[in-house]
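Written out below as C-alpha cells is the structure these notes cover.
The values are calculated or read from the model by the stated rules, or taken from the named source; none is laboratory data. What you see is a predicted model, and the numbers here were worked out from it, not measured in a lab. We place every Cβ from the backbone using ideal geometry, glycine too, and count neighbours over all the protein chains shown.
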Amino acid sequence: MSKQRKRLVLALAIVFALNIFIISMAQSAAADLYKKGSSGATVTEIQTRLKEWGYYSGEVDGVYGSKTEAAVRYFQSSNGLNADGQVGNQTLAALGITPSDSGNSGGGSSGAGGDQSGDVYLLARLISAEARGEPYVGQVAVGAVVLNRVRHASFPNSIADVIYQTEAFTCVADGQFDEPIADSAYRAAQDALNGYDPSYGAIYYFNPSTATSSWIWSRPLIVEIGKHRFCS
C-alpha cells in the first residue's frame, strides 16, 4: 500500500471516529427525555413525586407505562406545561428532580440543569403567584420563607415538597400557581437561593387584609413588607 493510500485510509478512519463521537455527544445531550418505555431510578422518582402530590395512583415500579404517562399529562396540564406526557428538562425542573440513573431512560440520561435549575423554576413560580405586584424585596422575602421552611424541622426538607405540601400555599390550590411567571420572580428566586433573606428568618407570611385565621394572627411578627406580614 502506497504512503498516499495509507494517509487516505487514516484520514477516513479519523473522520469516522469523529462522526461516532459527535453522534454519541448528540445522544447524550438529548438524554433528558423520559417517556413510555423508559425505566430506572429517575422514573421511580418521577412516579414517587407524582403519587405524593396526588397525580398518580399506580405502582411505583420504575417503569414508565401508560398510567405514568397519563399522570405526567395531568401534572403538566395542571402546572402550565406542554402536556405531551413526556418528562423533559422543564417537567423535571417542575418536579424538582435531577436524573440519577443512566442508560435506562429510553435514550440515556444526563443532567437536567441540576437541582439549582429546578429550585429556581419552582421558587419563581411560587413567588410570582404569591407576591405578584409586591415590592421586589417582598418577593425575595416570600422565596426566603420557603427556604427557611426547608431548613426548619417542622417542614419538609426540599423546596418542591414545601411548595406542594397540602394547604401550605393558597396559590397552589386556587390555580394562580399555573399563571405565567413574572421576570422579577426569577430574579427574586435566585437572590433568595443566594442567601438574601429580608424576612429575617420568617417561616410564615400573610396578607392582613384577607387573612381570616386567628392562628396566623397569633404568630409573632418579624417584619412587614408591602401587603405581607412575615412571622416566626
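Numbers for the structure displayed
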| item | result |
| --- | --- |
| Subset of the range 56-94 (residues that are in contact with a Phe, Trp or Tyr (Cβ under 9 Å, 6 or more places away or on another chain) and among the polar types (S, T, N, Q)) | 68, 78, 79, 86, 90, 91 |
| Number of the condition not met by residue 108 [criteria: (1) among the small types (Gly, Ala, Ser); (2) touching a Ser or Thr at 6+ places or on another chain (Cβ under 7 Å); (3) modelled with pLDDT of 90 or more] | (3) |
| Selected residue [within 19 Å of the chain's Cα centre (by Cα), surrounded by 23 or more Cβ atoms within 10 Å (Cβ to Cβ) and of a type in the set (S, T, N, Q)] from 158, 128 | 128 |
| Odd one out for residue 204, checked against (1) out of contact with any Ser or Thr (no Cβ under 7 Å at 6 or more places or on another chain); (2) surrounded by fewer than 16 Cβ atoms within 10 Å (Cβ to Cβ) | (2) |
